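The structure's right below; bear with me while I get my questions together.
The values are calculated or read from the model by the stated rules, or taken from the named source; none is laboratory data. Computed from a predicted structure; not experimentally measured. Cβ: placed from backbone, ideal geometry, glycine included. Neighbour counts: every protein chain shown. Accessible surface areas use protein heavy atoms only, side chains included; no ligands, DNA or RNA. Shrake-Rupley method; radii C 1.70, N 1.55, O 1.52, S 1.80 Å.
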Amino acid sequence: MKTNTLNNAALAFTVIMVIVVIVSKLYSEDYDVTSENAIEMAAGEEGMSLQELYATLQSGEKEQYLFVDLRKPDVFEYDHIKGAVNIPYSELLAEKHRSAFDNDKTVVFYGKDEVNSSNAWFLLRQLNYDNVTYLHGGFALANKHIIKNYHPSYGHFKAGKPQYDFAKYFKKQEKPEKQEVEVKTTIEVSGGC
Amino acid sequence: MGPLVPFGIIGSEFNFIIALVLGFFFGYILENAGFSSSRKLVGVFYGYDFVVLKVFFTAAITAMVGLIFFGYFGWIDLSVVYVNPLYLWPAIVGGAIMGVGFILGGFCPGTSMAAASIGRLDAMIFLVGILLGVFIFGENFGWLENFYTSSNYGSVKVFESLGISRGAFALLIIVIALVAFYITSGIQNKLSAKYATGVTPNNKAKIGIAVTAILILGVIAAVIPENKKAAFYEISSEELHEAMNDDSRYAGIDKVAFHLINPVQSTNVELIDVRSQDEFNKFSLPGAINIPLADLSSERVMDLLLEKSDDKKDLKIFYSNNNVLADKAWMHFRRLGHNDFYVMKGGLNHFVESIFHYDENQKPTNPIYQQAIFDYRFKKRASEYFQGMEREVKTSKGSSAPVIQNVEVSGGC
């Protein structure tokens, strides 16, 4: 009878341990967004244009936004968007900065360029935060042409746009339509009875 | 983490030592379970003792549930675990021969070893039979070979053929096993009082708990999501952030320009244009393939980019108009644990600035700055090359641009 009780206890213990581990794993999920969904979001995210930044600063409705400056503290001290908080790019995930993201304001990342700010956005977006976005261009550009001295032609600046007519530079390159374009098409049919 | 041998965590030499130790304990357990007695073994065919069936089912369920949980926790990559390929007809014929031998001799190969090692004469004669069989098979392999390798279906898995998940299949097997245990216990009790088994007042609670436990584990196995191969290698957000702070992912413009000018010398470079198809059609670097960012995660693209073979390009460089989109593509693959992807620094905008917008007047002349002079000369030649001033652009093998279209049709009834 004694071994029976022992066996039962061991069995029950094993089952409980498995359940505990599974439940704890379910709740300690690192990424909240699967990599598939994340890359689709990256392709679809518009970000905040400099035009919108100008409109926001002009109307004074800054309360709905929290600007996060990703540059180093000394540069931040020198100059930054009014009301912005400084979270250096390298400290993005630090526990002490988490509270900045946990509010109902839209968090707008900006940094020395759009690559930094959009990368920060992409990382945070894959974690729990769906209230984040990023500013087009970098701080220097926004400061010079939007905040200090508004120039409408910069309103639609986006680093991802082509700045040159690339084809012009590659004169002797054959045009893509002349090339034999190999179209790889795979049709996957799954299912059936 | 695992599997330990294919990932090189356990060396292939040490592998054999582990096999020896495992084999020793396997034999020890077989002997202790009474499997060195042919009476016990063949009981399953005569219906008086089903312990063989119970042991094999129990072993299978333990391993199965264990592997599913290990896979879920990320301790083992189930897609690397070797599964014997199915040769349908040879397997049926071989199984029949083995079954006849089992009934005639009273042992299966493993148990005959265990029995022979404790000195049973019949098992030793059985072993001689095995060796004879091996010899005859080997001598006749020439004309048996065609049949031996026929009807190969590859490494098929039952749950895939049934179209259900791994976990659901495990639950199904558990239920089948429990029903089989119940029925065989009934048969056994009717046939002989000596081998009576099953539920008695003594072990009622014990069996009840065991059945409940295995059913709970089975249900959990059926409902937890299957860890995809991709998720197995996934790095944490901290690691990803650390990698983002490191600039080693950037491939310089010079490197890409060198590749474009000398495609024959740098065949290991693959340029991947992650911009939209429209932009790609307007202009693309020679030899680049176009995979718009949103298509990156499709299974087919992943297979294409991650395919490993000797002649595969191992320097895969993403580019877009600048770094923004290409960095996202890089982050996507870095998160999934791949570190052989690169980003063309500054994208096409920087390419133009760096190669074509060099200043004739700022030609470095001081021989102390040798590197600067080399860089200047390279840019000058590269820009002349791309603008076709000196020579024609060679039509390299890679200059046809494959466009990847993703057509997935899924359906069913």
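Each label point is 7 Å from the Cα along the Cα-to-Cβ direction; what then is the distance between the points at residue B:365 and residue A:12, in nm?
9.3 nm
If I model a spin label at residue B:155 and residue B:373 as a point 7 Å from the Cα along the Cα→Cβ vector, what separation in nanometres do I get?
5.8 nm
Going 7 Å from the Cα of residue B:39 along its beta-carbon direction, which residues of segment B:154-188 have the amide nitrogen within less than 18 Å of the resulting point?
Residues B:188 qualify, since their backbone N sits under 18 Å from the label point.
Working out 0.36 nm times the residue gap between residue B:96 and residue B:26, then minus their Cα-Cα distance, what length gain in nm do you get to one decimal?
In short, 22.7 nm is gained.
With a 1.4 Å probe and all protein chains kept in place, how do B:236, A:118, B:161, B:12 rank by accessible area, largest first?
Per-residue accessible area, sorted high to low, gives B:161, B:12, B:236, A:118.
Follow-up. Counting Lys and Arg as +1 and Asp and Glu as -1, what is the net charge of the other residues whose Cβ lies under 15 Å from the Cβ of residue B:116?
Charge balance near residue B:116 sits at -1.
What FRET efficiency comes out for residue B:381 versus residue A:30 if R0 is 60 angstrom and r is the Cβ-Cβ distance? Round to the nearest 0.05.
0.80
Next question, about the same structure. Which percent of the Cα-Cα distances in segment B:233-365 go past 17 Å? Walk me through the intermediate numbers first.
Values: 5298 of 8778 pairs.
In whole percent, the share of Cα-Cα pairs in segment B:233-365 beyond 17 Å is 60.
Same structure, new question: How far is helix B:324-335 tilted off the main Cα axis of chain B, in degrees rounded to 10, range 0 to 90?
Approximately 20 degrees, to the nearest ten.
Sort A:121, B:143 by heavy-atom solvent-accessible area, probe 1.4 angstrom, most to least.
Highest to lowest solvent-accessible surface, that is B:143, A:121.
A follow-up question, please. If you build the convex hull over the alpha carbons only and average its shadow over all orientations, what do you get for chain B? Give it in nm² to one decimal.
Mean shadow area of the hull around the Cα atoms is 32.0 nm².
Here is a follow-up. Label segment A:29-183 by shape, choosing from rounded, prolate and oblate, from the square roots a ≥ b ≥ c of the eigenvalues of the Cα gyration tensor; if a/c is under 1.5 it is rounded, and otherwise prolate applies when a/b is larger than b/c, oblate when it is not.
Oblate is the answer for segment A:29-183, as a/c is 1.5 or above yet b/c matches or exceeds a/b.
Based on the Cβ-Cβ distance of residue B:245 and residue A:23, what FRET efficiency does E = 1/(1 + (r/R0)^6) give at R0 = 45 Å, to the nearest 0.05?
Details: r = 34 Å, r/R0 = 0.75.
After rounding, the FRET efficiency stands at 0.85.
Hey, rough spin-label estimate for residue A:85 and residue B:53, points 7 angstrom out along Cα→Cβ, what's it come to in nanometres?
That separation, rounded to one decimal, is 6.6 nm.
In bins 5 Å wide, starting from 0, what share of all Cα pairs of segment B:336-380 does each bin hold, as a percent?
Once binned at 5 Å, the Cα pair distances of segment B:336-380 give 5, 18, 19, 18, 14, 10, 7, 6, 3, 1.
For segment B:1-132, what's the radius of gyration and Dmax over Cα atoms, in angstrom?
17.5, 48
Tell me the total accessible area that B and A bury against each other, 1.4 angstrom probe, in square angstrom rounded to 100.
6100 Å²
To continue, here is another question. Report in % the part of the accessible area of chain B that belongs to carbon and sulfur, leaving out ligands and nucleic acids; probe 1.4 Å.
Values: 14630 of 23320 Å².
Answer for chain B: carbon and sulfur cover 63 percent of the accessible area.
Can you tell me the 0 to 90 degree angle between the C-alpha axis of helix B:204-223 and the longest principal axis of chain B, rounded to 10?
Approximately 20 degrees, to the nearest 10.
Using only Cα atoms, find the angle between the long axis of helix B:12-32 and the longest principal axis of chain B, and express it within 0 to 90 degrees, rounded to the nearest 10.
On a 0 to 90 degree scale, this one is about 20.
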